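Colleague: What follows is a structure written as structure tokens; I'll ask about it next.
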Amino acid sequence: MIINHPLLGPRDSAEFVYLGDASLLNRPDPETASPKDWHDYGYLRDNPAGDLRELWFHEGGDRSMLVVTRNTLTHDITSVALARDVALKLGAAL
Amino acid sequence: MHDLKPITALGGTEPRIDTIGGVSLTEKPGIAFASVTARRGHEDACRAHLADVLEGPAPGPGKCRLHDPEAAFWMGPDQWMAGAPIDSHEDLAAQLKTRMGETASITEQTDAWVCFDLQGDRMEDVVELLCNINIRAMKTGDATRTSIHHLGCFVLRRDPANWVRILGPRASAGSLHHALLTAMKSAL
């Protein structure tokens with residue numbers, strides 16, 4: 001599987017470490033979150049048969065975190081973005 | 001009085017040199033390193049400082065700036081590794097910090113890396129056995145991080161183009177040297 005890194009171009013997925021659902025970027029606000037919010041953030045994930053946004057860490061490359069949209073049925077990758085850009089857009093402190 | 005003798009990453013008193021089939025592998029102990037990471041909101045100022053030091057633009061993704069005495073390569077977004085001769089720049093991190101101030105976080109890296117120069121006309125045959133980067137597509141001034149022998153290494157293509165510099169984790173210097181030498185014996 002090839003991941004098209006936004007800065008470095010096509011890279012073998014063996015260079016990356018898989019870090020799970022990209023919803024990890026949406027961490028609840030510690031000032032206001034309830035225990036249920038933390039439970040949902042920590043444990044609940046969708047398991048779609050189709051497009052899934054997920055985090056990949058370029059461990060054998062520039063050490064950036066990427067948000068990769070991958071189809072779980074076909075492994076087609078439709079978009080790749082730097083997680084930093086996605087998080088800054090969300091207003092999260094990363 | 002103590003009588004301390006400096007040793008290289010491979011444990012010798014002199015840098016190790018191996019030559020196989022016209023390709024040489026040379027341990028390079030004489031380089032000081034410091035990592036430069038722009039602080040948030042100071043990215044442009046940091047880049048300007050770095051350009052000033054390098055007398056040319058700060059390298060972009062996948063590139064290095066080959067320059068004397070200070071050189072640098074891109075490590076990640078707003079992150080670079082700077083290098084310079086240790087004789088004149090043993091305190092490279094402190095020198096850069098004085099110049100860059102609050103625009104960047106700078107960390108001493110000299111003792112974290114081992115540096116090998118691989119040079120010879122069939123250097124590409126060796127590198128393509130070692131890692132999955134497309135060495136034949138890389139030109140002088142290209143730099144990338146890859147895995148060699150399960151170790152995260154930087155590969156810098158230098159001038160002349162039959163020369164690459166490989167930076168790997170110093171604590172695994174012996175393993176990396178073994179991997180490089182084995183690949184040279186296989187390929188050449």
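Colleague: Of B:Ala173, B:Ala82, B:Ala161, B:Ala112, which residue is more than 14 Å from chain A (Cβ to nearest Cβ), more than 16 Å from B:Glu27 (Cβ to Cβ) and at pLDDT 95 or above?
Modeller: B:Ala82
Colleague: Can you give me the number of residues within region A:20-47 that are small (Gly, Ala, Ser) and either surrounded by fewer than 14 Cβ atoms within 10 Å (Cβ to Cβ) or out of contact with any strand residue (DSSP E or B) (no Cβ under 9 Å at 6 or more places or on another chain) (or both)?
Modeller: Step one: of region A:20-47, the residues small (Gly, Ala, Ser) are A:20, A:22-23, A:33-34, A:42.
With either surrounded by fewer than 14 Cβ atoms within 10 Å (Cβ to Cβ) or out of contact with any strand residue (DSSP E or B) (no Cβ under 9 Å at 6 or more places or on another chain) (or both) added as a condition, the list becomes A:20, A:33-34, A:42.
Residues flagged as small (Gly, Ala, Ser) and either surrounded by fewer than 14 Cβ atoms within 10 Å (Cβ to Cβ) or out of contact with any strand residue (DSSP E or B) (no Cβ under 9 Å at 6 or more places or on another chain) (or both) within region A:20-47 amount to 4.
Colleague: Give the residues of region A:3-17 that are in contact (Cβ under 8 Å) with a residue 60 or more places away in the chain and either at the interface with chain B (Cβ under 8 Å from one of its Cβ atoms) or part of a strand (DSSP E or B) (or both), sorted by residue number.
Modeller: Matches in region A:3-17: A:Ile3, A:Asn4, A:His5, A:Leu7.
Colleague: Another question, if that's okay. Count, please, the residues in region A:31-63 that happen to be touching a residue at least 40 places away in the same chain (Cβ under 8 Å) and part of a strand (DSSP E or B).
Modeller: Count: 2.
Colleague: Now, a different point. For the list (1) within 12 Å of another protein chain (Cβ to nearest Cβ); (2) more than 14 Å from the chain's Cα centre (by Cα), I need the number of the one condition that A:Pro35 fails.
Modeller: If we test A:Pro35 against (1) within 12 Å of another protein chain (Cβ to nearest Cβ); (2) more than 14 Å from the chain's Cα centre (by Cα), just (1) comes out false.
Colleague: Only one of B:Arg136, B:Arg165 is of a type in the set (D, E, K, R) and either part of a strand (DSSP E or B) or more than 15 Å from B:Arg122 (Cα to Cα) (or both). Can you tell me which?
Modeller: On inspection, the qualifying residue turns out to be B:Arg165.
Colleague: Another question, then. Looking only at residues that are assigned to a strand (DSSP E or B) and of a type in the set (Ser, Thr, Tyr) in region B:74-131, which one is nearest to B:Asp44 (Cα to Cα)?
Modeller: B:Ser105
Colleague: For region B:79-92, which residues satisfy the criterion of being over 12 Å from the mean Cα position of the chain (by Cα) and crowded, with 19+ Cβ neighbours inside 10 Å?
Modeller: Within region B:79-92, B:His89, B:Leu92 qualify.
Colleague: Please find, within region A:73-91, the residue that is surrounded by the fewest Cβ atoms within 10 Å (Cβ to Cβ) out of those that are touching a residue at least 24 places away in the same chain (Cβ under 8 Å) and over 14 Å from the mean Cα position of the chain (by Cα). Spell out the reasoning first.
Modeller: Keep residues of region A:73-91 that are touching a residue at least 24 places away in the same chain (Cβ under 8 Å), which gives A:73, A:75, A:77-78, A:80-83, A:86-87, A:90.
So of that shortlist, the ones also over 14 Å from the mean Cα position of the chain (by Cα) come out as A:73, A:75.
Details: A:Leu73: 11, A:His75: 9.
Step by step, filter region A:73-91, then rank; the result is A:His75.
Colleague: Sticking with this structure for a sec: Out of everything in region B:56-75 that is over 15 Å from B:Leu167 (Cα atoms), away from chain A (no Cβ under 14 Å) and in contact with a strand residue (DSSP E or B) (Cβ under 7 Å, 6 or more places away or on another chain), what residue ends up being surrounded by the most Cβ atoms within 10 Å (Cβ to Cβ)?
Modeller: In this case the residue turns out to be B:Arg65.
Colleague: A:Glu15 - would you say it is surrounded by 15 or more Cβ atoms within 10 Å (Cβ to Cβ) and within 28 Å of B:Asp142 (Cβ to Cβ)?
Modeller: Numbers: surrounded by 15 or more Cβ atoms within 10 Å (Cβ to Cβ): yes; within 28 Å of B:Asp142 (Cβ to Cβ): yes.
The answer is yes for A:Glu15.
Colleague: Another question, then. So B:Ser105 clears everything in (1) over 12 Å from the mean Cα position of the chain (by Cα); (2) within 14 Å of another protein chain (Cβ to nearest Cβ); (3) surrounded by fewer than 20 Cβ atoms within 10 Å (Cβ to Cβ) except one condition, right? Which one?
Modeller: With (1) over 12 Å from the mean Cα position of the chain (by Cα); (2) within 14 Å of another protein chain (Cβ to nearest Cβ); (3) surrounded by fewer than 20 Cβ atoms within 10 Å (Cβ to Cβ) applied to B:Ser105, the lone miss is (2).
Colleague: Hey, another quick one. Which count do you get for residues in region A:68-94 that are within 14 Å of chain B (Cβ to nearest Cβ) and either on the phi > 0 side of the Ramachandran plot or in contact with a Phe, Trp or Tyr (Cβ under 8 Å, 6 or more places away or on another chain) (or both)?
Modeller: Within region A:68-94, residues that are within 14 Å of chain B (Cβ to nearest Cβ) and either on the phi > 0 side of the Ramachandran plot or in contact with a Phe, Trp or Tyr (Cβ under 8 Å, 6 or more places away or on another chain) (or both) number 1.
Colleague: Within region B:130-151, how many residues turn out to be surrounded by 17 or more Cβ atoms within 10 Å (Cβ to Cβ) and more than 24 Å from B:Ile7 (Cβ to Cβ)?
Modeller: 12
Colleague: Hey, B:Pro29 hits all of (1) in a loop (DSSP other than H, G, I, E, B); (2) closer than 28 Å to A:Met65 by Cβ; (3) touching a residue at least 40 places away in the same chain (Cβ under 8 Å) but one; which does it fall short on?
Modeller: For B:Pro29, the failing item is (2).
Colleague: Just the residues that are in contact (Cβ under 8 Å) with a residue 40 or more places away in the chain and in a loop (DSSP other than H, G, I, E, B), please, taken from region B:32-68.
Modeller: B:Arg39, B:His42, B:Pro59, B:Gly62, B:Leu66, listed by residue number.
Colleague: Would you check if there is a residue in region A:32-42 being under 30 Å from B:Gly152 (Cα atoms), out of contact with any Phe, Trp or Tyr (no Cβ under 9 Å at 6 or more places or on another chain) and basic (Lys, Arg)?
Modeller: Within region A:32-42, not a single residue is under 30 Å from B:Gly152 (Cα atoms), out of contact with any Phe, Trp or Tyr (no Cβ under 9 Å at 6 or more places or on another chain) and basic (Lys, Arg).
The values are calculated or read from the model by the stated rules, or taken from the named source; none is laboratory data. Not measured: the values here are computed from a predicted model. Ideal geometry is used to build each Cβ from the backbone, glycine not excepted, and the neighbour counts take in all protein chains shown.
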